[in-house]
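Student: Following this message is one structure expressed as structure tokens.
The values are calculated or read from the model by the stated rules, or taken from the named source; none is laboratory data. Computed from a predicted structure; not experimentally measured. Cβ coordinates were reconstructed from backbone atoms using ideal geometry, including for glycine residues, and neighbour counts include every protein chain displayed. Note: accessible area is taken over every heavy atom of the protein model, side chains too, but ligands, DNA and RNA are not part of it. Shrake-Rupley method; radii C 1.70, N 1.55, O 1.52, S 1.80 Å.
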Amino acid sequence: MIKVNLISFIISIVLLLINNDSLNDKIYKCHKSNIGKFSNEIESQFDFRKQYIKDIIELHQQNKNDTILIIEKHDFACDGCPASFVQIFSKEKYIEFRLNMNESKYEDRFESALKEYKSKVPGIETEYLHSDLKIIFENLKKGKKINQIQKENNTNDCYDGSNSIYTLIYPNDELKCMIIRCWK
């Protein structure tokens, strides 16, 4: 019995490692093929994503019938740096990572049910905070493609210069990627 459990455990670890690399590669290729302009950010995020790819895989496996949205927000003050923070959304769950630049790793991890997260934000208008999510999902429901959403909502008319890289993982494991410099 112990031998069978050990073998199952080893197989699970090997599969998780394989999935980590393949999903990270898929995300990288999706962005690289669609968004050449922000290649410095895409390149730097590839290695940093390994710190939270396990969370994405677990969330996707737990929610096989749900679309997973990953937002990697890059700070305007640092060209080619990893995302300052990462947000991962499913229908029911929210996970956030914040980067500690001194340590070059994501240290602060916050996880909650999405509805609980919304109620824990005192003094902040959550509709505004997640307005990008609302725009993305409303447009997807209307049948618009990611590149159409990006074209219609992306602008360079903002002051801070930051950008957000979005990845959608659909239930059928299809990936769609876009970048928004500033929302119109």
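Student: Is segment 37-47 home to any residue that is within 21 Å of LYS26 (Cα to Cα), touching a Leu at 6+ places or on another chain (Cβ under 8 Å) and open to solvent by less than 40 Å² (accessible area, probe 1.4 Å)? Even if it seems obvious, please write down each step before you answer.
Tutor: Kept after step one, since they are within 21 Å of LYS26 (Cα to Cα), are these residues of segment 37-47: 37-47.
From what is left, the residues that are touching a Leu at 6+ places or on another chain (Cβ under 8 Å) are none.
Taking every residue of segment 37-47 in turn, none turns out to be within 21 Å of LYS26 (Cα to Cα), touching a Leu at 6+ places or on another chain (Cβ under 8 Å) and open to solvent by less than 40 Å² (accessible area, probe 1.4 Å).
Student: Would you mention how many residues in segment 143-177 are farther than 17 Å from LEU69 by Cβ and either surrounded by 19 or more Cβ atoms within 10 Å (Cβ to Cβ) or among the basic types (Lys, Arg) (or both)?
Tutor: Count: 1.
Student: Here's a follow-up. Just wondering, is there one or more residues in segment 81-93 that are out of contact with any strand residue (DSSP E or B) (no Cβ under 8 Å at 6 or more places or on another chain), assigned to a loop (DSSP other than H, G, I, E, B), open to solvent by 10 Å² or more (accessible area, probe 1.4 Å) and not aliphatic (A, V, I, L, M)? Walk me through how you get there before you give the answer.
Tutor: Step one: filter segment 81-93 for residues out of contact with any strand residue (DSSP E or B) (no Cβ under 8 Å at 6 or more places or on another chain), giving 91.
Okay, now just the ones that are also assigned to a loop (DSSP other than H, G, I, E, B), so 91.
Filter once more, so that each one left must be open to solvent by 10 Å² or more (accessible area, probe 1.4 Å): 91.
From what is left, the residues that are not aliphatic (A, V, I, L, M) are 91.
Yes, segment 81-93 contains a residue that is out of contact with any strand residue (DSSP E or B) (no Cβ under 8 Å at 6 or more places or on another chain), assigned to a loop (DSSP other than H, G, I, E, B), open to solvent by 10 Å² or more (accessible area, probe 1.4 Å) and not aliphatic (A, V, I, L, M).
Student: Okay, next question. Scan segment 48-70 for residues that are surrounded by 19 or more Cβ atoms within 10 Å (Cβ to Cβ) and at pLDDT below 85 and jot them down.
Tutor: Scanning segment 48-70 gives no hits.
Student: For residues that are part of a loop (DSSP other than H, G, I, E, B) and touching a Ser or Thr at 6+ places or on another chain (Cβ under 9 Å), scanning just segment 71-80, find the one that is surrounded by the fewest Cβ atoms within 10 Å (Cβ to Cβ).
Tutor: Within segment 71-80, the match that is surrounded by the fewest Cβ atoms within 10 Å (Cβ to Cβ) is ALA77.
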